[in-house]
Protein chains: 2
Amino acid sequence: MNVLKASHCLLALSVLFATDLPSALAGKVLVFPVDGSHWVNMNILIGVLHSSGHEVTVVRTASSWYIKEDSPHYTAITVTLPEPINIEKPDFFITFLSKMLEIQKRGGSPLAFVEFYWQMLTSLYGMHRQASQLVVEIFENPVLMKQLYEGRYDVVLTDPGLPVGVLVAHKLGLPMVYNVRWITSGEGHFVVAPSPPSYVPAAGSLMSNRMSFGERVKNIFHYVLNMCIDQFIVRPEYDKLVAHYFGLETDFYHLLQGADIWLMRSDFIFEFPRPTMPNIIYIGGFQCKPSEPLPPDLEEFVKGSGEHGVVIMSLGTLVKALPSEITSEIAAGFAQLPQRVIWRHLGERPHNLGNNTLLVKWLPQNDLLGHPKTRAFVAHGGTNGIYESIYHGVPVVGIPLLFDQFENMLRLQVRGAAKVLDATKLDSQSFLEAVQEVLHQPSYRENMQRLSRLHKDQPTQPQDSALYWIEYVMRHKGAAHLRTESYKMPWYSYHSLDVMAFLLAVVLTVGGAVILTIRYLCLCLCRRKKSKLE
Amino acid sequence: MNVLKASHCLLALSVLFATDLPSALAGKVLVFPVDGSHWVNMNILIGVLHSSGHEVTVVRTASSWYIKEDSPHYTAITVTLPEPINIEKPDFFITFLSKMLEIQKRGGSPLAFVEFYWQMLTSLYGMHRQASQLVVEIFENPVLMKQLYEGRYDVVLTDPGLPVGVLVAHKLGLPMVYNVRWITSGEGHFVVAPSPPSYVPAAGSLMSNRMSFGERVKNIFHYVLNMCIDQFIVRPEYDKLVAHYFGLETDFYHLLQGADIWLMRSDFIFEFPRPTMPNIIYIGGFQCKPSEPLPPDLEEFVKGSGEHGVVIMSLGTLVKALPSEITSEIAAGFAQLPQRVIWRHLGERPHNLGNNTLLVKWLPQNDLLGHPKTRAFVAHGGTNGIYESIYHGVPVVGIPLLFDQFENMLRLQVRGAAKVLDATKLDSQSFLEAVQEVLHQPSYRENMQRLSRLHKDQPTQPQDSALYWIEYVMRHKGAAHLRTESYKMPWYSYHSLDVMAFLLAVVLTVGGAVILTIRYLCLCLCRRKKSKLE
């Protein structure tokens, strides 16, 4: 008897006939997305909300390149900024990437490290300044504010990577749901759940959850560094805004932590296990879906690969192309494979491209990854692509370039599902060997398929979970009971330092009193002995 | 359009047609329960496993009063102990309760506090010694051990309140699932998730999650007290066993924390929000179900209550009756109500019982709580009863007597869903007033019904969740990826104390070197000046 399937049916039926749930008319959702690759998954969530009958309004800037004004799934509210936000500029990431690669090439030296961070921080500071300008632009526009108030939204859905929505939600007095992995300056868990640095790797530390003593020292360094970046680079601008618009009874940190539900784009088959909170719902891989048939020409190309199969390469939404010296090494490496290669590449055509390699401006990534002929995925390590490769069980050759991509690839590498390369040291031979290793060593595919099985084995699929909890917040007008209010405590109380100080004072006072008493008694005794002797 | 229902259907269908899940034949589950009231809910879980086609074996002692040898749901393995475990003796709790009530009556004084704890600790120590004897009895019985090995079980399901199953699972090398709220000496979360004492109330502290400075001092006192109890009273016996049977490469603490999945009998509509871990699954209230029609005589009695409705009273599995002086006060209080009362009472019939009160030896609690005529529930605050009252939205008058009952009632009181009385100070008037307050002040019922709505609004119902995750552990032979291995670190590494010490040493060394250099330079300068002057 197939017990498992039976119990799934039971589960399904119990959900299907769940009585006593309050019914609701279509809700109204106000969305503040982050542009660029983050928009890719927010847009999927919006599609889900739309097809469930909810009315979605997206606040975008006039200069946004990714977030279109017209969509069948949402109504857009467009705000015009004096200058476009950096991440909205199509060439911003290419310029930024070249700079970062150039610095990494000189890697290892403390100077390069400082320069690397300087570049990162300048860019971070710039983006957050622009985001805070957007907040001012919204708050100071009475027509827009009236429109937002009168919209009578049920919930604000936002990506707190740029926390515009956080401030607006507070202004409008609306409950808030995050679609999140990164907040202003780090991984979202760090501000909401206690995260012991002994086994929770800090963002940027490039550590796993098993650290040697030296690695733990390095991890704490990154932990403190992130706190400083947050404290001195990210927050001041927002704190000023909060003080100006909401007075001194709150601060930005409290607003940021005040979300009712955190839809965390993470899954513990990928993320290292770490403390979490009751209002964090894991929706990692919610964008994944079974593959669909390929367009005829691509299907023909893939089919023609025979028993060798195909290798896919894409570097995500932001990076259209790598510097030409890296590109030609990759092309040379690919040319020596018996596999066919489909490569999303928007830059100049490499002169040494092999006959087996098809350059495309866009590829149906999910459908290709789900194709039985696909043998490996050469990827940069953006979360969207990573989860698609996990979903379809395709092992990865990683060329991380920016931001969290290094850490994402590390997570797959630790689980034996990816081989990671350093883009700045890449040559055709090392690239070829890496791809061949992933193709021919069975453990890569086996590990990835194990992750795939575990990822799919969840009582509620991540996309359904996301929808459920957004609707939950609408139904109950928040989810305060799942959220600790601990972050409203002063930091010394949160860490019980005041209690420790008090107890220490008590111990010292009592101890002091005892010592003084004993000393006094001894003195008396000595004096009596002395007087007796005299 | 009823969007919500539609999205539920979508959810249900997505679970129903969840493809790619490995199918499995019936699993074999080895259960080590805790006797008494804990058995009530473990037995429900066993029923669920049985009806899903799994084969369940329960290890019980010959003297067990609650865990029967014959059941249609499981096969029993019976172990004979030299003397029965305390909690198996039907009169143990009555004697224990009288003692505790007597001490509480003298309450307030430090002496009473010490005596209270002394009684608790003696009883705790006794139970754990008996449990460790049970482990020895199992390990030293080669026939039984052979039977257990040859049973080829897929998973050990155990209540770690008495950790017999924890040691046996390790011996058999099996994955482990807990049905848990309490572990050896405290609330289960405390050993698995970081629990800052600034907002997580320690067991026994009788605090909520919002504490004043003084309360936080008291909470830390209880926190440390619990650690000491665990360290010096509970663990030594088990540590000896672990050292003897498994050698020195592990200890009891590590085994206890090694469960793959913790099915936590808790729900955050009841429990204060606190940090949790990815392998903790919340199944609070999994025993609840819609009510069924009452037996005809009871239905007639209930119906006869007219518009006033009925009040139910029961003090749970363990406590059959209260001391007669308390009982007669309760009877006198009940007698003055216009409501009818159904009271589960096994002791002597109170002489002053009102005409409106029906004494019963057993009552269909769930069906009565779900009856539309039921207005209030007088309860001791055991978890089973509490969740049933939440499920059916019936407000509570609490008379907590022992163990976690005080804290359970506190949680309902904080949410405005219960009025709590002190059993040792109870008289007919105060009892009557409390019942009337709960009956007539609408907030009690409203708050309880709000909790009920929130409790039922979960994407997967708790019982289905429990079944799903037990099967998950069987399918994947554990769930190591959801579990941190942090507890295998030495405590000073876990708390980063070694890193702190190292960094402090670096700062002191560098600081010292700088100071010495400056001093040396100053000295040189002074000498030169001096020699110039000379």
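What follows draws every value from the coordinates through simple rules; no lab data is involved. Just so it is clear, the structure is predicted and the values come from calculations on it, not from any experiment. Every residue, glycine among them, receives a Cβ derived from its backbone with ideal geometry; neighbour counts consider all protein chains shown.
Ranked from shortest, the separations from the 7 Å Cα-to-Cβ label point of A:Ala243 to its equivalents in the other copies are 5.9 nm. If both residues of a DSSP beta bridge must be in chain B, then about 5% of such bridges are antiparallel. From least to most packed, judged by other beta carbons within 10 angstrom and beginning with the fewest, A:Ser291, A:Ser98 follow the order A:Ser98, A:Ser291.
What shape does the stretch A:296-456 have by the C-alpha gyration tensor, where a ≥ b ≥ c are the square roots of the eigenvalues, rounded means a/c under 1.5, and otherwise prolate means a/b greater than b/c and oblate the rest? Rounded, because the longest to shortest axis ratio a/c is under 1.5. A protection proxy built from the mean count of other Cβ atoms within 10 Å ranks the segments A:381-387, A:437-443, most packed first, as A:381-387, A:437-443. For chain B, the residue among B:Leu426, B:Thr61, B:Leu121 whose Cα projects farthest onto the positive side of the dipole built from Cβ charges is B:Leu121.
Helical content alone sets the calculated 222 nm signal of the protein assembly as shown at -15000 deg cm²/dmol, taking -39,500 (n - 2.57) per DSSP H segment of four or more residues and averaging over every residue. Mean separation of Cα pairs under 8 Å and 6 or more residues apart, divided by the residue count, gives the stretch B:296-456 a relative contact order of 23 percent. If both residues of a DSSP beta bridge must be in the stretch A:296-456, then about 0% of such bridges are antiparallel.
Centre-to-centre separation between the Cα atoms of the stretch B:274-291 and those of the stretch A:415-446: 43 Å. Span-like helix check, chain A: qualifying full DSSP H segments, with Cα axial length of 27 Å or more and mean Kyte-Doolittle of -1.0 or more, are A:110-139, A:497-533. A straight line joining the Cα centroids of the stretch A:479-530 and the stretch A:198-251 runs 31 Å. For chain B, a simple Cβ point-charge model (Lys and Arg +1, Asp and Glu -1, everything else neutral) yields a dipole of about 2100 debye relative to the Cα centre.
Quick one: work out the % antiparallel among DSSP beta bridges in the protein assembly as shown, nearest 5.
5 percent
Remark: mean inter-chain Cβ contacts per residue of A:198-211 equal 2, using a 10 Å Cβ-Cβ cutoff to other protein chain atoms. Residues B:Leu30, A:Leu248, B:Leu508, B:Leu410 in ascending order of nearby Cβ atoms (within 10 Å, fewest first): A:Leu248, B:Leu508, B:Leu410, B:Leu30.
Please average, across the residues of A:459-469, the number of beta carbons from any other chain that are within 10 Å of each residue's own beta carbon, and give a whole number.
The shielding value for this peptide is 5.
Around the Cα centre of the stretch B:127-270, unit charges on the Cβ atoms of Lys, Arg, Asp and Glu (plus for the first two, minus for the last two) sum to a dipole of about 340 debye. Residues A:Met120, B:Met100, B:Met176, A:Met145 in ascending order of nearby Cβ atoms (within 10 Å, fewest first): A:Met145, A:Met120, B:Met100, B:Met176. Classify the protein assembly as shown from the C-alpha gyration tensor, please: rounded if a/c falls under 1.5, else prolate or oblate depending on whether a/b exceeds b/c. The shape class here is prolate. The overall shape of chain B, judged from the alpha-carbon gyration tensor, is prolate: a/c is not under 1.5, and a/b is greater than b/c. Distances between placed amide hydrogens fall under 5 Å for B:Ile281 paired with B:Trp262, B:Leu263, B:Met264, all partners being 5 or more residues away or on another chain. For A:His73, the distances from its label point to the matching points in the remaining copies are 4.4 nm, ordered from shortest, with each point set 7 Å beyond Cα toward Cβ. In this structure, the amide hydrogen of B:Val31, modeled 1.01 Å from its nitrogen in the peptide plane, lies closer than 5 angstrom to those of B:Thr57, B:Val58, B:Val59, B:Leu157, counting only residues at least 5 positions away or on a different chain. Label point of A:Leu516 (7 Å along Cα→beta-carbon): distances to the other copies' equivalent points are 3.9 nm, sorted ascending. Peptide B:124-132 has a mean of 0 when you count, residue by residue, the C-beta atoms of other protein chains within 10 Å of its C-beta. Simple point charges give the picture: +1 on the Cβ of Lys and Arg, -1 on the Cβ of Asp and Glu, and for the protein assembly as shown a dipole about the Cα centre of about 2840 debye.
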